[in-house]
1. Can you tell me which of Thr201, Thr193, Thr150 is at pLDDT 95 or above and within 38 Å of the chain's Cα centre (by Cα)?
2. Go through His480, His529 for me and flag whichever is in contact (Cβ under 8 Å) with a residue 40 or more places away in the chain and either open to solvent by 10 Å² or more (accessible area, probe 1.4 Å) or not charged (D, E, K, R) (or both).
3. Given the condition in contact with a strand residue (DSSP E or B) (Cβ under 9 Å, 6 or more places away or on another chain), surrounded by 15 or more Cβ atoms within 10 Å (Cβ to Cβ) and polar (S, T, N, Q), answer yes or no: does some residue in segment 65-86 qualify?
4. Please work out which one of (1) out of contact with any strand residue (DSSP E or B) (no Cβ under 8 Å at 6 or more places or on another chain); (2) buried (at least 19 other Cβ atoms within 10 Å of the Cβ) is the condition Phe855 fails and give its number.
5. Do you know which residues across segment 484-497 are open to solvent by 30 Å² or more (accessible area, probe 1.4 Å) and either within 30 Å of Ser819 (Cβ to Cβ) or part of a loop (DSSP other than H, G, I, E, B) (or both)?
6. So Glu481 passes all but one of these: (1) modelled with pLDDT under 95; (2) in a helix (DSSP H, G or I); (3) not basic (Lys, Arg). Which condition number does it fail?
7. For segment 291-306, enumerate the residues that are open to solvent by less than 50 Å² (accessible area, probe 1.4 Å) and over 19 Å from the mean Cα position of the chain (by Cα).
8. When you check Gly125 against the structure, is it over 37 Å from the mean Cα position of the chain (by Cα) and at positive phi, yes or no?
Amino acid sequence: MQAEQTGLFDADEFDNALAENNEPLALFKSAIKNAKSALKQKFEQGDDTTRLVFQYTSVVDQLLVRAYSLFIKKQDAALVAVGGYGRGELHPASDTDILILMPNDDKATISHDVESLLTFLWDIGLEVGHSVRTVEECVLEARQDITVITNLVESRLINGPDVLFSQMQSAIAPDRIWSSRAFFEAKLEEQNTRHQKFFGTAYNLEPNIKDGPGGLRDIHTIGWVTRRHFGSSTLHELVNKNFLSETEYNALMEVQNFIWKVRFGLHIITGRHEDRLLFDYQRTLAKQFGYEDKDNRLAVEHFMKQYYCNVMELSRLNEMLLQLFQEAILHSDEDEKPILINKRFQSINGYVEVTGPDVFKKTPSALLEIFLILSKHPEYKGVRASTIRLIRDHRYLIDDNFRNDMRCRGLFMKFFRQSQGITHELRRMNRYGILAEYLPIFKNIVGQMQHDLFHHYTVDEHTIFVIRNLRRFTVPEFFHEFPMASNIIQRIPKLEILYLAGFFHDIAKGRGGDHSELGAQDAITFCQHHGLRQYDAKMVAWLIKSHLIMSTTAQRKDISDPEVVNAFARLVGSQLHLDHLYLLTVADMRATNPTLWNSWKDSLLTELYMSTTRVLRQGANNQEDQLSQTNEIKISAQQILEQHSGLNFGKINKLWETFGDDYFLRHSAERIAWHTEAILKNENHDLPLTIVYPESEAREACLEIFVYTRDHDNLFSTITSALDQLALNIVDARIITALNGYTLDTYIVLEESDNQIDRQTRVNEIIQGINNRLSQLDSSPKPVHRRLPRQLKHFPIKTQVNFRPDPNCPRTIMEVIASDRPGLLSKIGAALMNCQMRLQNAKIATFGERAEDIFFITDKNNLPINDEKQQKCLRDTIKTALNNL
């Protein structure tokens, strides 16, 4: 459709104005501006995006022809569109890539004209990429670079001699350079490499709709191979060549149209070339496209679910087509005979296929059997394209009779008992739509995104990642990643129980209600239906119901408190339950968001596991046990000091008498010896002592800061402010006040990037920064001026301050839930001081954009805060302070 017929551009009116105008810049600039304005209006009115893309390309074509004629006097040169512009796929902010094709090597005669043209095109508002080459130079550059030949393959003549353009096309034909085989192999490798940059998944929180798996580049790859091998400029040629059915072609076009609509919207919203579907734009696009909040999901979650479902469809079509291309291009001259696997399946060229087109109709259970075969035989590359199509076409066979068939139930359970291939085949079953058919409850979580910063993947992709992590614990070559988990999993008698717990743990997400409870009920129904023993079914259900408890306890409770560990041990009940729960918890946390897992969280789970194991072996600790534990730690610390410090035992014991039992229960013998030696060798007790252990006992990436100084109401606020100023993330704080009025405070920190802190200059900088602030305790902490991360701006969380009594100590537990941000802890510390509260201990936890911090506090007389007025003062002060951050 010509642009003048759409209201984007009137060629006659433009040409008349151009003939009367000696200053064409303003005229061209206005034409581009008006065209983009009209595009925006039409898009917002709901016009078809595909039509708008082609209309805008037509506008740019016509303007380029006129601009080219104004500046390029050499009549035998050709103006050629390449890249996306060559395909005719210009979005509002797409790059306009052009080639000026020369008949000879006399570039000097045109270089000034080209420079003037490019300057003009930039000035009128086009993002131009260009090259000036002869036919010979095109061949030379294309021979060396797959990107150049790709651009030339999809080139299109805009203006100039047809003969010259035809010469170039002939010179780069497959029989001259880059045969169909070489071109396909290069593009296949290029796609695999590109996918790996996104960790092989398209189901990220902020996906790249162009380069990510299941993005536009996957469609481009299909188009490039189609052009190169068949010489066709349209994907519909794949229908004519029997590579796609008409239905599959329509599905491919629907996916392209949807992604084009999203991309077009991104360009309109941002006013620039943008292919990342960031939080900044997701809500805006969801509203623009008419999505609404309903069925316990936000409008943006409905929008993203449709996006991910389209991505899954494209991934399947891309897999199928590239495999068909392999057969046509790489294996066309091979007479490969099929190798029989069984009566229903055979392999050819390393791909599994059915022995006949009616296999699934005759034996419906084969729809599950094929995935079992693939899991057992990693030497197979995948499913042959024709069989993928048959699987999709026969999904209707999976009905209640199929689900109740003993063979089908047996095959599905047998799959979960495999020692290899489970993750790959679960992902394949999901992509082909089999999982959702066999387990209709799974369909609810396919493509379901939770719109927050904590959950990085869709629920279905996260589920498969959990199972992948569990499987990884069993693989010897990965034992070094999580040695403890890899050792523990060797003791698990039935791994399928773990895998089923991982499979069902989030299956009830998005339904409303407690997904752990609902998921446990679903799992019981499944296990009973699939013949699991009652004990095993109960273990699966218990794991699902309890799958958040260990992470919550480790991150939000004081696990150095024996009572906390005792309570957790009572909840777990046995070592076998603890082993299962630990493995599931680590796998789940790692699969939720790769950036949120760090060495500190690893150490917390390890500490809780080890402490709980001791309790389960010895029985719950009582007061007598705690006294015995304290004495053992003191003896161990004394032995360390005797070997390394040469300190007088009388001085050591005198100092320890001021520490209190709480201190010895919360620190190891090694740390107690380290603290003691530093304190006793410090010559000036009037000055604060700040020491840094560059490797915490938890993990080498953590840094442990110990501060011994006179207690002060402003101490916590001052130290946390200093750490914030130093761009350190506080992951734990242990606040203990000795009997002599000194503090024994420990802070575990990570660099903002979670990188290891091992530079002595950095350690010195931290000590100096803290000591400088400690010398100014009577002044207010400096405000923190670190930039708030972009993503956090889109997830405001209402500040909550809750109080409850500590059942184990005469103190109050204060929970603060708020948006995580720089300066948070410092502001809370200042609020405690202003309300005359004392901080006894703290538990710091962050879940994506959400901070859930626990503070153990008393009033100035070391009594619990039961007075509602005191609680209100603290609650209001904290809310006011955080709202002003």
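1. Thr150
2. Details: His480 fails: in contact (Cβ under 8 Å) with a residue 40 or more places away in the chain.
The unique qualifying residue is His529.
3. Among the residues of segment 65-86, not one is in contact with a strand residue (DSSP E or B) (Cβ under 9 Å, 6 or more places away or on another chain), surrounded by 15 or more Cβ atoms within 10 Å (Cβ to Cβ) and polar (S, T, N, Q), which makes the answer no.
4. Checking Phe855 against (1) out of contact with any strand residue (DSSP E or B) (no Cβ under 8 Å at 6 or more places or on another chain); (2) buried (at least 19 other Cβ atoms within 10 Å of the Cβ), the one that fails is (1).
5. Pro493, Lys494
6. (2)
7. If we filter segment 291-306 for residues that are open to solvent by less than 50 Å² (accessible area, probe 1.4 Å), which is where we start, we get 297, 299-305.
Correct list: Arg297, Ala299.
8. no
The values are calculated or read from the model by the stated rules, or taken from the named source; none is laboratory data. Remember, predicted model here, so these are calculated numbers, not experimental data. Neighbour counts are summed over all protein chains in view; Cβ atoms, including those assigned to glycine, are modelled from backbone coordinates with ideal geometry. For the accessible areas, the whole protein counts, side chains as well, though only heavy atoms, and no ligand, DNA or RNA atoms are used. Shrake-Rupley method; radii C 1.70, N 1.55, O 1.52, S 1.80 Å.
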